[in-house]
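The values are calculated or read from the model by the stated rules, or taken from the named source; none is laboratory data. It should be emphasised that the depicted structure is a prediction, and the values quoted were computed from it without experimental measurement. All Cβ positions, glycine included, derive from the backbone under ideal geometry; neighbour counts span all protein chains shown. Only protein heavy atoms, including side chains, enter the accessible area calculation; ligands, DNA and RNA are left aside. Shrake-Rupley method; radii C 1.70, N 1.55, O 1.52, S 1.80 Å.
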Amino acid sequence: MRQTRIPVLTWHGYNLFGNTYETNDLIAFGEDLHTIVACGFSVVPLVEVARWVRGERSDFATPVVALSCDDGTDFDALDIAHPVHGPQLSFTSRLAQFRATSEGLNAQASMTSFVIASPSARLQIADGAMSGQRALNDRWWRAADKSALLSIESHGWDHNHPSVSPVAQREQTTGDFFAINTFAECDTHLRAAANFIESKAGRRPQLFAYPWTQASDYMRSHYMPRYAEAEGTMAAFGGASDYINRDSDRWYLPRFVFGPDWKSSAGLKKILLGSLS
Ligand SMILES: [Zn+2]
């Protein structure tokens, strides 16, 4: 079986409504790691998938998958308690456990965390959309990135989130990312966000994930191809649930999301095996 296309998987640490696979992305992630091994897949860094798309590296020796999480809540890297559902083991801790019992590439498995740059936006989102739990901090970014377990990459400036005011959108239209379609707006989300994340994480982001997977034609087809590489960004993730192949648009690379795209180990197995031909 040959792999001609690669699945990138995404979880959200704050999707935490109980302590079962179906209700808790952290628990689902832990079980999904075992499904990945059972299907004969190796975990590779997301940046390696971006290099593969760009033709900057050869094919992988085994079937591979890359892992990501969005929005950069503290549940990504810190073992903290949820106010209702109690103590939780972070993605990072679960990865460390996985490494300790794995062989080959999986003994170095890592994940990419797409974080929101603006401190003010994070505070407002934490208060507005995350029931007041102040769990969108940047104090763990540097240690996480250094650990090689979790790479810190960019999810833009303020998510153009309805809880945030003001947003980096000229008419204060929030709630979708298609509204980000001028040079100034795109530049805030790419360049200003990269500058801030670099200052806190100690490394400039190389990857970008569009909030809500949405990108205006201007951002993906005009701004990104012209300006992103000069800022150190080599690929951006967005669009429909799908696999990535060598011909994918490096400025609009699809991913699969836990919940919408799979809800069980069997569902994940189907996605993984679907990348082989
Ligand atoms: Zn997001």
Helix runs (DSSP H) in the chain reaching 18 Å along axis by Cα, Kyte-Doolittle at least 0.0: 25-38
Restricting the range 196-271 to chymotrypsin sites (Phe, Trp or Tyr not before Pro) in coil, as DSSP defines it, with at most 14 other Cβ within 10 Å: none
Trypsin sites (Lys or Arg not before Pro) within the range 42-123, DSSP loop, no more than 14 other Cβ atoms inside 10 Å: R54, R57
Distance-filtered residues of the range 248-277 - backbone nitrogen under 17 Å, label point 7 angstrom along T101 Cα→Cβ: 265
Accessible carbon and sulfur surface of the range 8-273 relative to its total accessible area, %, 1.4 Å: 51 percent
Probe 1.4 Å, accessible area per residue of the chain, Å²: 40 Å²
Sparse-neighbourhood loop sites, GluC sites (Glu not before Pro) in the range 96-172 - DSSP loop, at most 13 other Cβ within 10 angstrom: E103, E171
D176 accessible area, assembled protein chains, probe 1.4 Å, Å²: 50 Å²
Extreme residue, positive dipole direction of the chain, given options T20, A107, Q169 (C-beta unit charges): A107
Proportion of all alpha-carbon pairs of the range 8-273 beyond 32 Å (%): 17 percent
Accessible-area value, K263, 1.4 Å probe, nucleic acids and ligands omitted, Å²: 130 Å²
Antiparallel bridge percentage (DSSP; both residues within the chain; nearest 5): 20 percent
Cβ-based charge dipole, the chain, positive-most Cα from W262, P45, G86: P45
Debye, to nearest 20: dipole size of the chain, +1 on Lys, Arg Cβ, -1 on Asp, Glu Cβ: 540 debye
Whichever aspartates and glutamates have a C-alpha closer than 18 Å to that of K146, once near sequence neighbours (fewer than 8 apart) are set aside: E48, D74, D76, D79, D138, E198
